[in-house]
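No value in this document is a laboratory result; all are computed from the given coordinates. Since we're looking at a predicted model, the values are computed, not measured. Quick reminder, even Gly has a Cβ in these numbers, built from the backbone with ideal geometry, and neighbours come from all protein chains shown.
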Amino acid sequence: MTTPHFHEMHAMDTTLCLLAGDGIGPEIVSQAKKVLAAVAERFSHEIELKESLIGGAALDAGKGPLPDETVEACRQADAVLLGAVGGPAWDELPHERRPERGLLGIRKELGLFANLRPALIFDEFAGSSYLRPDIVGQGVDLLVVRELTGGLYFGEPKGIRQEKGQRVGLNTMVYTESEVRRIAELAFRLAAGRRKRLCSVDKANVLDVSRLWREVVMETAAGYPEVELSHMYVDNAAMQLVRDPSQFDVLVTSNLFGDILSDEAAAITGSIGLLPSASLGADGRGLFEPVHGSAPDIAGRDLANPLGMILSVAMLLRHALSLEEEATAVEGAVRAVLSQGYRTPDLRQPGTTTVGCSEMGRLVTEALRRG
């Protein structure tokens, strides 16, 4: 697909790699393609789309979960858009052949060290949140920045071994100063572009690694005097997310803590089908995907919600391509369609109009073209 040039400041055409993946992945990525075409048309950009296999789709094609040609296509692209990976059809495969290994592998191959998970409650879904109405009424619009390549999930030594006649499980939480500094730098930059408040979440009262984390974050703060920095222990942060999420703007935290807190933040919105995410690397490139899974039970039935995917396109435009106006336009189109009362089956509400995946994509695309 080719339309006029993406942006004058780009010396080369913009190339995006699409990894539709498994389950509802192909359906929602198809809607993302419609939206990208509308962005190209409205803003006179040129976008080249290249599609590659990952996960179960790659396995079914007789390849591994992350083919070499997919890695190369992602490296050559300016950003990667991913649908979903996995499903029960591949559950019996050995661990190293599972579809999910493709997702973990591409994150590693692209050096994606930061995961961005926004949590936002749209006005239309205030009643769907698990929180009390008075809490929702204070507003929920926060961003969890999770370190993605270090910490407890990757530290050495690790494993299960025999000691004194019993099995012992071991994992090591380890962070280098440079790993903490680069995630802190990104979090401060993001906070500076939002409401200028950053909360660093750690367990510095117990963990030495968290004491280092806090020290480095405080050192990094000197370069961002406009951003208000606070610190919170992870157990308190988990409580505060459900007690008063309006107090948060941007949260930055380690791999383990971020894994837990980002899922909690997503759950309180009550509409997981609307939530996008980004995983960014040091070179500014990234992988963008909705936070929901592959939903194989509804795959191929035009029941999927494409809005998390479409909002992931907005994150791609903003964070990978620095196209803020275009990102805002996509988000505005989603809001316009929701305000008109259109819903996919997972978001069905009394007095609204239920539409399928492809129709929702068409509605957003038309709203985007109208501006």
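For residue 167 and residue 263, the difference between the fully extended length at 0.36 nm per residue and the C-alpha to C-alpha distance is 31.5 nm. Taking amide H atoms as placed 1.01 Å from N in the peptide plane, the amide H of residue 293 has no partner under 5 Å among residues 5 or more positions away or on other chains. Translational diffusion coefficient of region 44-158 (Stokes-Einstein, Kirkwood radius from Cα pairs, 10 °C, 1.306 mPa s): 92 µm²/s. For region 126-139, putting each phi into the Karplus relation 6.51 cos²θ - 1.76 cosθ + 1.60 with θ = phi - 60° gives couplings of 4, x, 8, 5, 6, 8, 5, x, 5, 6, 4, x, 7, x Hz, in residue order, rounded to whole numbers and with x for Gly and Pro.
The distance from the alpha carbon centre of region 44-66 to that of region 261-311 is 18 Å, rounded to a whole number.
Every helix of 4 or more DSSP H residues in the chain counts as -39500 (n - 2.57), and over all residues that averages to -12000 deg cm²/dmol at 222 nm.
For residue 302, the amide hydrogen comes within under 5 Å of no other amide hydrogen, counting only partners 5 or more places away or on other chains and with H modelled in the peptide plane. Taking every C-alpha pair closer than 8 Å and separated by at least 6 residues, the mean separation divided by the residue count of the chain gives a relative contact order of 21 percent. With contacts taken as Cα pairs under 8 Å at a separation of at least 6 residues, region 114-282 carries a relative contact order of 37 percent. Overall, the chain carries a charge dipole of about 500 debye about its Cα centre when +1 sits on the Cβ of Lys and Arg and -1 on the Cβ of Asp and Glu, all other atoms neutral. Computed log10 I(q)/I(0) for the chain at 0.13 Å⁻¹: -1.12, from the Debye equation with unit scatterers placed on every C-alpha and solvent omitted. Taken along the Cα-to-beta-carbon direction at a fixed 7 Å, the label points for residue 126 and residue 189 span 3.5 nm. Look at the dipole of the chain built from charges on Cβ: of 131, 317, 31, the Cα furthest out on the positive end belongs to 131.
Give the residue from 173, 294, 90 lying farthest towards the positive end of the charge dipole for the chain; charges sit on Cβ (+1 for Lys and Arg, -1 for Asp and Glu) and the dipole is referred to the Cα centre. Going by the charge dipole, the pick is 173.
For the residue pairs 33/108; 108/158; 50/108; 33/196, the alpha carbons lie more than 24 Å apart in 33/108; 33/196. The gain in end-to-end length when the residue 340 to residue 41 segment is fully stretched comes to 105.3 nm, 0.36 nm per residue minus the alpha carbon separation.
The 3J(HN,Hα) values that the Karplus relation (6.51, -1.76, 1.60; θ = phi - 60°) gives for region 46-51 are, in residue order, 10, 10, 10, 10, 10, 9 Hz. Gly and Pro appear as x.
Karplus-based coupling profile of region 237-246, in residue order and whole Hz: 4, 4, 6, 5, 4, 9, 7, 7, x, 5, with θ = phi - 60° in 6.51 cos²θ - 1.76 cosθ + 1.60 and x standing for Gly or Pro.
Close amide H pairs (under 5 Å, H built 1.01 Å from N) link residue 355 with 343, 344, residues at least 5 positions away or on another chain.
For region 114-282, a simple Cβ point-charge model (Lys and Arg +1, Asp and Glu -1, everything else neutral) yields a dipole of about 340 debye relative to the Cα centre.
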